[in-house]
Every structure is written in structure tokens, then in C-alpha cells.
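Each remark here refers to the structure printed beneath this line.
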Amino acid sequence: MPSLLITNAVVVNEGRRFEADVLVTDGRIAAVGGDLQSRPADRVIDAAGRLLLPGMIDDQVHFREPGVTYKADIASESRAAVAGGITSFMEMPNCKPPTLDAEQLAAKYARAAEVSRANYAFYLGASNDNIDAIRALPVGDACGVKVFMGASTGNMLVDDPKVLEAIFQDCPVIIATHCEDTPMILAKEADYRQRYGEDVPMDAHPLIRSEAACLKSSTLAVDLARRHDARLHVLHLTTARELALFTPGPIAGKRITVEACVHHLYFDQRDYAEKGALIKCNPAIKRPEDREALLGAVAEDRIDVIATDHAPHTLEEKAGKYFQAPAGLPLVQDALPSLFGHVQAGKLTLEQVVHKTSHAPAACFNVQERGYIREGYWADLVLVDPSKPVTRSREQVLYKCGWSAFEGRELPATIAATIVSGEVAFEDGQVNDGVRGQRLAFGPTR
Ligand code: DOR
């Protein structure tokens, strides 16, 4: 593999910001220092004026392969991911068939090895009847076990109390949960159908998929984890009220961690008027006060990780009325640039964004040798131009579904280049389609 020298970058890493050169050989970071310019390299990138960050590790994406590839596939969405500065992704099991056993997991890894432009890992899904597959899962064969404790796209609800107890007691790896109480949601849906028929307004979504439904389910997950001393990661928190379930502080030593997603930090209730079904997602985007509280909780290390929950659907599907329009939006290309908006607004520091998108997911999932700019680690890097805002337009969109909820919005930074395991996977607006990511390696998390 050709060596690469990145000079004059402002490196943002592990809470520090400093000017340095970074030498990459054999896919790994060989040296980080102020005086590497005389070192030989096959290629030199002068990064003056740009920021060099460890690539984002996105712990929650839906790439729809196998079975739902008219919406997205691993090749198309991993291209969009590297264009957005994401160097590694962890992908969810609600495809067709759902990823419920070792064989389906192995098939996904084999497919990703062929086509993924970013580094990859996959979750094993839980169901009401695959506890044996969960118990038998070797560490490293999945990034975690995904448990839909609330039903969403793909009908993977786990609602048998005995099965939930067994999962939290025996799961050999980190448990990642979707928390929304389905019976409460179904009751609200029935209410709204009675009041509005099929014409339920889109901004009723956070009232149907309510704060109370989120709180009930996340409280149950936390209770199960505490009783069984399980390693729990609650995905996509959306309400201020749930924050009391989690503790501020570093990830080391936490048995229960929690994630927020970029769209819940960016959009709020007021955006339904303009964006409608495009921002319909589960759990729902909620009130401005919730968004503010989530940002505050990220800043105080109560929320541990920022991810995307990238969940593409076609525009035709999104054109449906409330009950027909599927939940979820594509995000991987827009995520990191959108987070720079919180830095610009003084809500988060750049060091916090790097921590939450790279160091923290690496720590939570015990990802081996990635997530930091450290000598000897894999060279997963992103060069960001903070002086080049970009207004997202449909022509720029790389998602297979062909649209972004950020269209028309100015994102304050441009991803200049993305380096995946030492190879330049994206540069100056172009994806390098020759690059393939690697399978992520994990240490124990239980
Ligand atoms: O909005 C969502 N979309 N939430 C989920 O939990 C699933 C996802 C999807 O797969 O479409």
C-alpha cells in the first residue's frame, strides 16, 4: 500500500488541538509529529488550514442489504459515508431476511468485504425466539446484539418478558436497544386515526410516538441491565425526561451508555412544517427543549456517543400520508458536517464532537486499534475544511434514495478527504471506488 504524508494539519484528537504532520505506512499511523516533512512518502497532502480528525465511527446505520436494496445497499451507502467523513459503520439487522443467526451475519460480512468503501461490522438481531443464537455468539462476530424493545421498520419487536430477561442475563456482547413502548404507541395511533382518519398531521408523530412511550421502555431497559449487570447501550435518545436514567462521566466504568443521533440534535418539532415526512423517524424528533437538553447532555458526558441511525427510504414512500410514510432518513453524508453547526453555535467544542463520534464509539464497543490518531493504530482519518460551508443540494447527494433532509440547509464545513485504513477513499468531492474497508475487530464488552 502506498505511504502517505499529511503535512501542516491541525490535528484534533483526545481533547487536544495541535499542528502536526502525520505519516501513514501500510495502512497504519506510523508517526505523528511536528517535523516529519523530510520523511519519504509516496504521496504528500498539504493540509494547511484544514483540520485532521479521527474518522467517525457510526454505531448505528441501516444499509438495507440484503433484501431491501431498492432503498439502499452497502456499496451505495458506504460511498455516501466516506463522503461524509465516516470511516467505519456498524449496521443494523432489520433487513430481509433479518440478521438473526450466524449464517446471515457471515453473509453480510462476505458482502461487505466485496463492496464496502468503509470499515464495517454488523449487529446480530434479537427476536422472541433466537436466544440460542445470541448465547452462542462469539465476541467479534458482531459489534453487538440489537434489541427492538419498541417496534419500528422491519417488525423485529422483542416483547416476551422471559426472552428479554434471558437476553440481558446471557448476551455475551453489548446490547443495543431501541426503546419505545409499542402498546402505548398503538393506543395513540388508534386515537389519532379516530380523530383524523388517514390525514394525521405529520407533526403529531412525537405525540403518537410519545415521550411517555420512550421513558417507559428505556426505564425497562435500564432496569433489566442493572438487575443482570449487562452491558447496555441505549440507542437514539430523544427526550429530556429520559436523561435522568443515565449518569454523566467517562465511558470507562459505565455499564450503561447512551447515544444521541445527529437528526435529533439538529431538527425539532418546528421542522415538520417544512420537512414533513422526510424527518418522520423512530423515535420521533421532539420539542426544541428536548433538542437543547440532548445537546447539553452530550456536553456534560451524560450522552456518550453521537451516531446517525441512517435509515433511507425512497421519496415515493415518503410521499405517503402519515401511516404510510416509513420512518427514517438518510444521514451518513451529512452527519459530521452538521455537527460543526453545534460547534459554530457554541453548544459543543470540536474536541467534544471528535470524542463523541470517534473515541467514544471505539471505547463503548471496544473497537480494536481505531478511533484515535495514535501511532500504530489504523489510519482512519478525515480532513475537514472549516472555512468552506456547503449548502446541501440534491445533485450532491450520494444516497441511493437520492434525497437528503438537509437539502437547502447550509452545513458549516466541508469534508475535504477521508482516509480508510490508510487509503484515500474520498477526496475533493470524488469517491475512490477502488478502496475497500476492513472488518472491524472487537475486544470483550460484556
Ligand atoms: O426511523 C427509523 N428507521 N427508526 C428505526 O428504528 C428503524 C429505521 C429504519 O430501518 O427505517
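Looking at the range 357-434, what strands (runs of 3 or more DSSP E) fall wholly within it and have at least 1 residues that are of a type in the set (G, A, S)? Lay out the reasoning, then the answer.
Working: elements: 381-385, 414-420, 423-427.
Output list reads 414-420, 423-427.
Taken as a whole, the condition of being within 16 Å of the ligand (Cβ to nearest atom) and assigned to a loop (DSSP other than H, G, I, E, B) does not apply to E198. The set of residues in the range 159-200 that are more than 30 Å from L124 (Cβ to Cβ), surrounded by fewer than 18 Cβ atoms within 10 Å (Cβ to Cβ) and either aliphatic (A, V, I, L, M) or in contact with a Phe, Trp or Tyr (Cβ under 6 Å, 6 or more places away or on another chain) (or both) comprises A187, A190.
Quick one: in the range 433-446, of everything that is more than 30 Å from H233 (Cα to Cα) and in contact (Cβ under 8 Å) with a residue 40 or more places away in the chain, which residue is most open to solvent (accessible area, probe 1.4 Å)? Give the steps one after another, and end with the answer.
Keep residues of the range 433-446 that are more than 30 Å from H233 (Cα to Cα), which gives 433-435.
Keeping just the survivors that are in contact (Cβ under 8 Å) with a residue 40 or more places away in the chain gives 433, 435.
Details: D433: 63, V435: 2 Å².
Going through the qualifying residues, I end up with D433.
Farther than 19 Å from L235 by Cα and in contact with a His (Cβ under 6 Å, 6 or more places away or on another chain): is that true of G371 in this structure? It is true that G371 is farther than 19 Å from L235 by Cα and in contact with a His (Cβ under 6 Å, 6 or more places away or on another chain).
Yes/no matrix, rows are residues, columns are (1) more than 25 Å from V353 (Cβ to Cβ); (2) within 15 Å of the ligand (Cβ to nearest atom); (3) open to solvent by 40 Å² or more (accessible area, probe 1.4 Å):
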position	(1), (2), (3)
A252	no, no, yes
Y266	no, yes, yes
T308	no, yes, no
T314	yes, yes, no
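Take the conditions (1) farther than 12 Å from D290 by Cβ; (2) open to solvent by less than 40 Å² (accessible area, probe 1.4 Å); (3) within 16 Å of the ligand (Cβ to nearest atom); T238 misses just one of them, which is (1).
In the range 71-82, is there at least one residue being open to solvent by less than 50 Å² (accessible area, probe 1.4 Å), assigned to a strand (DSSP E or B) and modelled with pLDDT of 95 or more? For the range 71-82, residues open to solvent by less than 50 Å² (accessible area, probe 1.4 Å), assigned to a strand (DSSP E or B) and modelled with pLDDT of 95 or more: absent.
Scanning the range 201-218 for any residue that is more than 16 Å from the ligand (Cβ to nearest atom), surrounded by 18 or more Cβ atoms within 10 Å (Cβ to Cβ) and not in a helix (DSSP H, G or I) turns up nothing. In the range 264-280, the count of residues that are among the aromatic types (F, W, Y) and either assigned to a helix (DSSP H, G or I) or over 21 Å from the mean Cα position of the chain (by Cα) (or both) is one or more.
Of all residues in the range 316-361 being buried (at least 24 other Cβ atoms within 10 Å of the Cβ) and aliphatic (A, V, I, L, M), which is farthest from R255 (Cα to Cα)? Applying the filter and picking the extreme gives L329. Of the residues R291, R302, the single one that is in contact with a Phe, Trp or Tyr (Cβ under 8 Å, 6 or more places away or on another chain), open to solvent by 10 Å² or more (accessible area, probe 1.4 Å) and not in a helix (DSSP H, G or I) is R302. Within the range 169-195, the residues that satisfy the criterion of being of a type in the set (V, I, T) and part of a helix (DSSP H, G or I) are T182, I185. So, I303, is that one in contact with a Leu (Cβ under 7 Å, 6 or more places away or on another chain) and away from the ligand (no atom under 16 Å from the Cβ) or not? So I303 fits the description; yes.
The values are calculated or read from the model by the stated rules, or taken from the named source; none is laboratory data. On a predicted model such as this, the values are computed, not experimentally measured, just so you know. Glycine also receives a Cβ, built like all others from the backbone with ideal geometry; neighbour counts cover every protein chain displayed. These area figures cover heavy atoms from the full protein model, side chains too; ligands, DNA and RNA do not enter into them. Shrake-Rupley method; radii C 1.70, N 1.55, O 1.52, S 1.80 Å.
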